[in-house]
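The values are calculated or read from the model by the stated rules, or taken from the named source; none is laboratory data. Model, not experiment: these values are computed from the prediction. For neighbour counting, all protein chains shown are included, and Cβ atoms are generated from backbone atoms with ideal geometry for every residue, glycine included. Just so you know, the surface numbers come from the protein's heavy atoms only, side chains and all, with ligands and any DNA or RNA stripped out. Shrake-Rupley method; radii C 1.70, N 1.55, O 1.52, S 1.80 Å.
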Amino acid sequence: MKKHGMINRDIASALASFGHTDLLVIGDCGLPIPKDVPCIDLSYKIGEPAFLTILEAVLDDFEAEAAFIAREIIDGNPEVEKAIKKKMKTDYIAHEELKELSKQAKLIIRTGEATPYANIVLRSGVIF
């Protein structure tokens with residue numbers, strides 16, 4: 001059994017397949033999932049698992065060179081925005097642009113989060 005890092009086999013396998021500049025989306029339970037983008041749905045009830053819990057677990061095992069969040073989060077969900085900003089530098093884009101960008105993602109991880117704009121697009125970096 002794996003001792004460290006992501007133990008969800010679907011997520012661990014997907015992360016191992018990422019290359020430089022591939023996009024990973026972690027989304028709340030309301031984010032539309034584009035038809036042709038694989039989705040690992042972790043939600044099991046409203047609010048669980050929380051977006052920030054999954055973001056932290058992913059960032060422990062994933063090299064992100066850039067992150068994009070909806071600028072609407074500033075007014076719509078300042079607590080989550082503040083928590084994200086403590087973890088990493090982010091760029092703001094319009095929520096509609098974030099949904100369009102998600103169509104280019106290699107993977108979407110759906111959480112049970114039920115607060116507004118709790119979504120992030122991570123661009124894969126390299127570890128060397």
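Observations on the structure shown:
- Net +/- balance of residues flanking Ala83 in space, Cβ distance below 13 Å, scoring K and R +1, D and E -1: 0
- In order through the stretch 44-54: 3J(HN,Hα) via Karplus (6.51 cos²θ - 1.76 cosθ + 1.60), integer Hz, x for Gly, Pro: 9, 6, 4, x, 10, x, 6, 3, 5, 4, 6
- Counting charges near Gly47 (Lys, Arg +1; Asp, Glu -1) among other residues having Cβ under 12 Å from its Cβ returns a value of -2.
- Rolling a 1.4 Å probe across the protein heavy atoms gives the chain an accessible surface of 56 Å² per residue.
- Beyond 28 Å in Cα-Cα separation lie the following of the pairs Lys3/Lys103; Lys45/Lys99; Lys2/Lys85: Lys3/Lys103; Lys2/Lys85.
- Near Tyr117: Cβ cut-off under 14 Å, other residues only, Lys/Arg at +1 and Asp/Glu at -1. The net charge is -4.
- Taking packing as the residue-averaged number of other Cβ atoms within 10 angstrom, the listed peptides 107-115, 52-60 run from highest to lowest as 107-115, 52-60.
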